[in-house]
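Okay, so here's the structure we're looking at.
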Amino acid sequence: MTSKKRRQRGSRTHGGGSHKKRRGAGHRGGRGRAGRDKHEKLLYPPRGKHGFKRPQKTDEVVKTVNVRELDEDAVVLAAEGLAEETDDGYRVDVRDVVEDGHEADAVKVLGAGRVHNTLEVLADEFSETARELIEGAGGSATLTERGEERAERNADRDTTDEPEESQ
């Protein structure tokens, strides 16, 4: 069986009808990327900018850890030297526990899980639930110096955002 290409050899128009019909770029729909907004939309990606990108100076890396992990792994963390065993429980610096915790802008403790041990936790931020769980089990949730600075900055930002009352 011969191929179509082979059959067309010697033909002036290769099955395109009159030689005038395939003459210009109009038959192709234009040259290059012409028509990408009109009749060839599906062949090209969308044009223009889309979305919003925050400025890099405002981006902060916040690592998180749940109180469940701190409570369950307290014995292992003490054995590895990442936590200290106290008289009634454990003292944990969360920056040491979280991977890349010292490179992150902040390390936050979240309140998923239960706390059975008495924990003294040192972190940059605490969720309300995490603070309640830790203190409910007889422990303490303490902010680091970096965390206190962040809390002051956020408090200042919250007060400046409030609209002034006009009289």
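The values are calculated or read from the model by the stated rules, or taken from the named source; none is laboratory data. Being a predicted model, the structure only gives us computed values, none of them experimental. Here Cβ is always computed from backbone atoms with ideal geometry, including for glycine, and neighbour counts include all displayed protein chains. We work out accessible area using only protein heavy atoms, side chains counted, and drop any ligands, DNA or RNA first. Shrake-Rupley method; radii C 1.70, N 1.55, O 1.52, S 1.80 Å.
Select from segment 37-65 the residues that are more than 22 Å from the chain's Cα centre (by Cα) and among the aliphatic types (A, V, I, L, M) and write down the one among them that is most open to solvent (accessible area, probe 1.4 Å). Even if it seems obvious, please write down each step before you answer.
Going residue by residue through segment 37-65, those that are more than 22 Å from the chain's Cα centre (by Cα) are 37-48.
With the extra rule that they be among the aliphatic types (A, V, I, L, M), the set shrinks to 42-43.
Numbers: L42: 171, L43: 128 Å².
So, considering only residues that are more than 22 Å from the chain's Cα centre (by Cα) and among the aliphatic types (A, V, I, L, M), the one most open to solvent (accessible area, probe 1.4 Å) is L42.
When you check E85 against the structure, is it touching a helix residue (DSSP H, G or I) at 6+ places or on another chain (Cβ under 6 Å), within 22 Å of S140 (Cβ to Cβ), open to solvent by 50 Å² or more (accessible area, probe 1.4 Å) and without any contact (Cβ under 8 Å) to a residue 40 or more places away in the chain, yes or no? It would help to see each step written out before you state the result.
Values: touching a helix residue (DSSP H, G or I) at 6+ places or on another chain (Cβ under 6 Å): yes; within 22 Å of S140 (Cβ to Cβ): yes; open to solvent by 50 Å² or more (accessible area, probe 1.4 Å): yes; without any contact (Cβ under 8 Å) to a residue 40 or more places away in the chain: yes.
Answer is yes for this residue.
What pairs come out if I take residues in segment 89-105 that are within 18 Å of I134 (Cβ to Cβ) and pair them with residues that are exposed (fewer than 15 other Cβ atoms within 10 Å of the Cβ) and small (G, A, S) whose C-beta lies under 9 Å away, six or more apart or interchain?
Short answer, once both residue conditions are applied: G89/G138; D96/G81.
Taking the criterion of being open to solvent by 40 Å² or more (accessible area, probe 1.4 Å), in contact (Cβ under 8 Å) with a residue 40 or more places away in the chain and of a type in the set (G, A, S), would at least one residue in segment 130-137 satisfy it?
Step one: filter segment 130-137 for residues open to solvent by 40 Å² or more (accessible area, probe 1.4 Å), giving 131-133, 135-136.
Checking which are in contact (Cβ under 8 Å) with a residue 40 or more places away in the chain leaves us with 133.
Then keep just the ones that are of a type in the set (G, A, S); that gives none.
No, every residue in segment 130-137 fails to be open to solvent by 40 Å² or more (accessible area, probe 1.4 Å), in contact (Cβ under 8 Å) with a residue 40 or more places away in the chain and of a type in the set (G, A, S).
Go over the candidates R68, R95 one by one and state the one that is open to solvent by 30 Å² or more (accessible area, probe 1.4 Å), in contact with a Gly (Cβ under 6 Å, 6 or more places away or on another chain), of a type in the set (D, E, K, R) and in a helix (DSSP H, G or I). Full working, then the answer.
Numbers: R95 fails: open to solvent by 30 Å² or more (accessible area, probe 1.4 Å).
Among R68, R95, only R68 is open to solvent by 30 Å² or more (accessible area, probe 1.4 Å), in contact with a Gly (Cβ under 6 Å, 6 or more places away or on another chain), of a type in the set (D, E, K, R) and in a helix (DSSP H, G or I).
Only one of these is more than 18 Å from E145 (Cα to Cα), modelled with pLDDT of 90 or more and in contact with a helix residue (DSSP H, G or I) (Cβ under 9 Å, 6 or more places away or on another chain): A112, A78, A123. Name it. Explain how you work it out, then say what you get.
Working: A78 fails: in contact with a helix residue (DSSP H, G or I) (Cβ under 9 Å, 6 or more places away or on another chain); A123 fails: more than 18 Å from E145 (Cα to Cα).
Just one listed residue meets the conditions, A112.
Looking at K57, K49, K53 in this structure, which one is over 30 Å from T129 (Cβ atoms) and in a helix (DSSP H, G or I)?
Working: K49 fails: in a helix (DSSP H, G or I); K53 fails: in a helix (DSSP H, G or I).
Just one listed residue meets the conditions, K57.
Which residues, counting only those in segment 98-109, are of a type in the set (V, I, T) and either open to solvent by 80 Å² or more (accessible area, probe 1.4 Å) or in contact with a helix residue (DSSP H, G or I) (Cβ under 6 Å, 6 or more places away or on another chain) (or both)? Lay out the reasoning, then the answer.
Within segment 98-109, the subset of a type in the set (V, I, T) is 98, 107, 109.
Within segment 98-109, V107, V109 meet the criteria.
Considering (1) touching a residue at least 12 places away in the same chain (Cβ under 8 Å); (2) within 22 Å of T58 (Cβ to Cβ); (3) assigned to a helix (DSSP H, G or I); (4) not charged (D, E, K, R), say which one L77 fails and leave the rest.
In the conditions (1) touching a residue at least 12 places away in the same chain (Cβ under 8 Å); (2) within 22 Å of T58 (Cβ to Cβ); (3) assigned to a helix (DSSP H, G or I); (4) not charged (D, E, K, R), L77 misses (2) alone.
Can you name the residue in segment 113-129 that is within 27 Å of the chain's Cα centre (by Cα) and among the hydroxyl-bearing types (S, T, Y) and, of all such residues, is surrounded by the most Cβ atoms within 10 Å (Cβ to Cβ)?
Filtering segment 113-129 for residues that are within 27 Å of the chain's Cα centre (by Cα) and among the hydroxyl-bearing types (S, T, Y), the one surrounded by the most Cβ atoms within 10 Å (Cβ to Cβ) comes out as S127.
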